[in-house]
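The values are calculated or read from the model by the stated rules, or taken from the named source; none is laboratory data. Source: prediction; values computed, not measured. Cβ placement follows ideal geometry from the backbone for every residue including glycine, while neighbour counts extend to all protein chains displayed. Remember, those area values only see protein heavy atoms, side chains included, never the ligands or the DNA or RNA. Shrake-Rupley method; radii C 1.70, N 1.55, O 1.52, S 1.80 Å.
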Amino acid sequence: MEYAKDLSIVISLYNEEESLPELISWIEAVMTANSYNYEIIMVDDGSTDGSWKHVRELSAKNPAIRGISFRRNYGKSAALYHGFAAAQGRVVVTMDADLQDSPEEIPELYRMVTEEGWDIVSGWKKQRFDNKLTKNLPSKLYNWTARKVTGIHLHDMNCGLKAYRNEVVKNIEVYGEMHRYIPYLAKNAGFGRITEKPVQHQKRKYGVSKFGLERFVNGLLDLISLWFLSRFGKKPMHFFGFTGILMFLTGGFLALWVIVEKLIQQANGLTFRPVADQPLFYLALVAVLLGVQLFLAGFICEMISRNSSERNNYKIREEF
């Protein structure tokens with residue numbers, strides 16, 4: 001397949017006016033040194049400072065720079081979604097605008113995709129300069145959890161510096177806050193050749209981080225959602241139906257056991273507790289009701305899934 005560019009660099013930015021001139025100058029130096037036919041797609045995620053003005057000025061000096069500006073802040077996933085849609089390069093590289101990602105890593109990332117055949121090469125900030133208590137330790141726990149759930153052995157799933165084959169970004173949909181799990185989205189779309197490369201981490205030079213500790217909590221919730229959708233998105237009855245039947249049978253068995261035990265004790269003249277006085281009986285009834293509700297929820301979800309326009313959206317590698 002022919003591509004208009006060798007390389008597309010997608011940069012999501014939000015209130016980074018101080019770093020943009022230095023970042024673009026750095027990228028241009030690397031591109032010139034390696035003779036790349038490239039484009040830089042800068043997506044302004046609703047900045048309230050002078051970031052968009054700088055993008056316009058930089059684009060006037062360098063036609064390879066393209067700009068997309070949101071009317072308000074939608075988040076990094078939305079920015080990457082539009083950047084990926086616009087990318088024309090054989091290899092698509094994403095990086096942050098805060099100068100913490102080094103453009104000098106790009107040539108090796110490009111080589112690993114084009115020569116070694118990887119679908120995704122993810123950066124690994126092996127040596128970080130962030131606060132160890134508020135960022136490093138939560139990041140290690142987050143990445144350990146992500147590895148266990150996704151089965152993708154990356155040390156830094158959330159690293160902004162990544163390289164993709166063009167086909168990968170054109171076959172995934174990044175939404176919500178799922179930019180953290182693009183490798184997992186790609187794996188679920190059939191792109192399983194994923195690796196990582198240790199990259200240099202720079203200290204933030206200007207401004208402040210736009211992400212707080214809440215991103216780790218949100219990231220965990222998004223991971224659970226994504227795992228569930230990848231496993232049961234097209235077959236919800238397999239989860240809700242199975243769980244519902246299991247709870248219904250368990251509750252029914254316990255209720256029957258309580259009733260039979262009472263009847264046996266009564267028939268033998270033994271002291272017995274009325275069924276209605278036993279907490280286990282009410283727990284059993286709750287389990288039965290929850291089982292019925294889960295089964296019905298699975299049935300409804302199955303009907304929705306069967307009528308969804310996405311029900312037969314399968315990724316085809318090749319056809320002849």
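Residues in segment 63-84 that are assigned to a helix (DSSP H, G or I), over 18 Å from Ile120 (Cβ atoms) and aliphatic (A, V, I, L, M): how many?
Residues flagged as assigned to a helix (DSSP H, G or I), over 18 Å from Ile120 (Cβ atoms) and aliphatic (A, V, I, L, M) within segment 63-84 amount to 2.
Looking at segment 117-136, which of the residues that are modelled with pLDDT of 85 or more and more than 18 Å from Lys187 (Cα to Cα) is most open to solvent (accessible area, probe 1.4 Å)?
Step one: list which residues in segment 117-136 are modelled with pLDDT of 85 or more, which gives 117-125.
Checking which are more than 18 Å from Lys187 (Cα to Cα) leaves us with 124-125.
Working: Trp124: 53, Lys125: 20 Å².
Step by step, filter segment 117-136, then rank; the result is Trp124.
Has segment 212-232 got at least one residue that is modelled with pLDDT of 85 or more and among the polar types (S, T, N, Q)?
No, there is no match, as no residue in segment 212-232 is modelled with pLDDT of 85 or more and among the polar types (S, T, N, Q).
For Ser25, state whether it is among the small types (Gly, Ala, Ser) and either within 18 Å of Ala163 (Cβ to Cβ) or in a helix (DSSP H, G or I) (or both).
Against the criterion (among the small types (Gly, Ala, Ser) and either within 18 Å of Ala163 (Cβ to Cβ) or in a helix (DSSP H, G or I) (or both)), Ser25 qualifies.
Failed condition for Arg317, given (1) surrounded by fewer than 15 Cβ atoms within 10 Å (Cβ to Cβ); (2) at pLDDT 90 or above, with all others met?
Unmet for Arg317, out of (1) surrounded by fewer than 15 Cβ atoms within 10 Å (Cβ to Cβ); (2) at pLDDT 90 or above: (2).
Scan Glu2, Glu28, Glu57, Glu39 and give me the residue that is in contact (Cβ under 8 Å) with a residue 12 or more places away in the chain and open to solvent by 10 Å² or more (accessible area, probe 1.4 Å).
When all the criteria are applied, what remains is Glu28.
Exactly one of these conditions fails for Asp156: (1) farther than 21 Å from Thr114 by Cα; (2) open to solvent by 30 Å² or more (accessible area, probe 1.4 Å). Give me its number.
Result: Asp156 fails condition (2) only.
Scan segment 142-165 residue by residue and report those that are among the aliphatic types (A, V, I, L, M) and either closer than 26 Å to Pro103 by Cα or over 13 Å from the mean Cα position of the chain (by Cα) (or both).
Ile152, Leu154, Met157, Leu161, Ala163
Suppose we filter segment 144-177 for residues that are hydrophobic (A, V, I, L, M, F, W, C), under 13 Å from Ala189 (Cα atoms) and outside any helix (DSSP H, G or I); how many remain?
Number of matching residues: 2.
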